[in-house]
1. Would you pick out the residues in the range 309-328 that are within 16 Å of ligand 1 (Cβ to nearest atom) and touching a Gly at 6+ places or on another chain (Cβ under 9 Å)?
2. Strands (runs of 3 or more DSSP E) wholly in the range 62-124 with at least 3 residues that are under 19 Å from F46 (Cβ atoms) and modelled with pLDDT of 95 or more - which ones?
3. Scan the range 315-324 and give yes if some residue there is within 26 Å of G391 (Cβ to Cβ) and buried (at least 23 other Cβ atoms within 10 Å of the Cβ), otherwise no.
4. Identify all residues within the range 138-156 that are in a strand (DSSP E or B) and closer than 30 Å to A326 by Cβ; write none if there are none.
5. In the set H225, H211, which member is outside any helix (DSSP H, G or I) and either under 16 Å from G302 (Cβ atoms) or of a type outside the set (D, E, K, R) (or both)?
6. List the residue pairs whose Cβ atoms are under 7 Å apart, where the first residue sits in the range 172-192 and is within 19 Å of M322 (Cβ to Cβ), the second is part of a loop (DSSP other than H, G, I, E, B) and β-branched (V, I, T), and the two are 6 or more positions apart or on different chains.
7. Considering only the range 233-256, state which residues are more than 19 Å from Q287 (Cβ to Cβ) and touching a residue at least 12 places away in the same chain (Cβ under 8 Å).
Amino acid sequence: MITVEQATEQVLSRIGVLPAERVPLLEALGRVLAEDVVSDIDIAPFDNSAMDGYAVRFADVASAGADSPVTLEVVEHIPAGVAPRVPVGRGQASRIMTGAPMPEGADAVVKVEVTKAGPAGGGTGDTVEILEPVKRGENVRLRGEEVRAGDAVLIAGEVVGSAAIGLAASVGHAELLVRRRPRVAIVSTGDELVDVTETPGPGKIRNSNSHSLAAQVLEAGAEPHVLGVARDNEADTRALLVRALEFDLMITTGGVSMGDFDVVKTVLEEIGELDFWKVAMRPGAPQTFGTIGGTPFFGLPGNPTSGMVGFELFVRPAIRKMAGFASLARPRAVATLTHDVKKKADRRYYLRSRLTRTPEGGYAVAIAGNQSSALLTAMHRGNCLMSLPEGESFVPAGTEVKCIRLDMEEGTA
Ligand code: AMP
Ligand code: MG
């Protein structure tokens, strides 16, 4: 048996980063940029008003006050999207809307709240009273203030979030070059499996793994392709495993323990290469990894929680590496265990647990329910995997333990 760290290292050493593709903006969401995004224009593209108000010459209104208003002649009304035509001279102002270009001659904007429109409403040809002074450049957004033409607004390797999509749009990019989403094949094995729509007959159970794993694949930013169920014989299993070649990665569940009908490992050794098949952990020691024609292959255990934990520890980092992400590890927290735990000393435990804030600002952690690997409820109610080290057979309440946060994305803490 190898350790979780050795297994992780072995997996990642076999994983390469996928090629990039150019996709429409929205399809780039959540993916990793493969090139810098350069602006074709200055942003702001022209000096413009940050407020609804009056464009003025600041020197004209230096003495303005509530009791000593300065009256200016309004020479133009400039809505957003319109180029001003009339320069603002001494003693003059232009009515201006947020985002509208600054007229020639004006060097500041007085917001409308500290003005009083003349008898005709403060429009062109009317007057306006200014009730407060402004500084030179006040309420004016300058051309090139955020970005200059030729500057990179997004950098290769960054993850595309909603603000990145806005930035890309503002600098004229309708498409982005991002890493491809890994295409992941999912195969469940077992003679006992029936579809979710069926009522299981004697000895049968519903295939839940295909569904939970497809969800995990999606959450990891990849594309799930559920290929179906392989029955527990070599021919059936081989027929689905050879399809690994059509995908970036393949996951199977079940058929990797010591049972008489556990044929996944046999078929893998026949058509591909086996790297390891047992990891010193609980749940789910029979974590199997290898390659089929160069496609990474994960034979996860059949018990629903063992499969999900195996995915979290080994498959998710592999998917993220393929997709170009720099951070491959979920955030960790150190928490005070609130109850005793008995364990086997020869392996690492990953207990499905719930992490909570203490009034002192630290964390407490407790298991989130029955830890049977056949049951998924504790995985659902929990928000972390409490990691208890090999070498210990008893961990008392009060111990500081490490938790892998399943409620936070990699690189977010
Ligand atoms: P195995 O690893 O094939 O021996 O399976 C271990 C346990 O997980 C058995 O109780 C199986 O019935 C169960 N199991 C296997 N595959 C699935 C699946 N796709 N969905 C739900 N349970 C499964
Ligand atoms: Mg089985």
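The values are calculated or read from the model by the stated rules, or taken from the named source; none is laboratory data. Predicted, not measured: the structure shown is a model, and the values here were computed from it. Because the Cβ atoms are built from the backbone with ideal geometry, glycine has one as well, and the counts that use them run over all protein chains shown.
1. Answer for the range 309-328, where residues must be within 16 Å of ligand 1 (Cβ to nearest atom) and touching a Gly at 6+ places or on another chain (Cβ under 9 Å): V309, G310.
2. 70-78, 92-96
3. no
4. V147, A152, V153, L154
5. After applying the criteria, what remains is H225.
6. Going by the 7 Å Cβ cut-off, the qualifying pairs are L176/V160; V178/V160; R179/V17.
7. Of everything in the range 233-256, those that are more than 19 Å from Q287 (Cβ to Cβ) and touching a residue at least 12 places away in the same chain (Cβ under 8 Å) turn out to be N233, E234, R238, L240, V242, R243, L245, E246, F247, D248.
Here's the yes/no breakdown for (1) surrounded by 22 or more Cβ atoms within 10 Å (Cβ to Cβ); (2) more than 21 Å from L376 (Cβ to Cβ); (3) within 13 Å of ligand 1 (Cβ to nearest atom); (4) over 30 Å from the mean Cα position of the chain (by Cα):
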position: A185; (1), (2), (3), (4): yes, yes, no, no
position: G190; (1), (2), (3), (4): no, no, yes, yes
position: T199; (1), (2), (3), (4): no, no, no, yes
position: P202; (1), (2), (3), (4): no, yes, no, yes
position: L227; (1), (2), (3), (4): no, yes, yes, no
position: T237; (1), (2), (3), (4): yes, yes, yes, yes
position: V242; (1), (2), (3), (4): no, yes, no, yes
position: D260; (1), (2), (3), (4): no, yes, yes, yes
position: E269; (1), (2), (3), (4): no, yes, no, yes
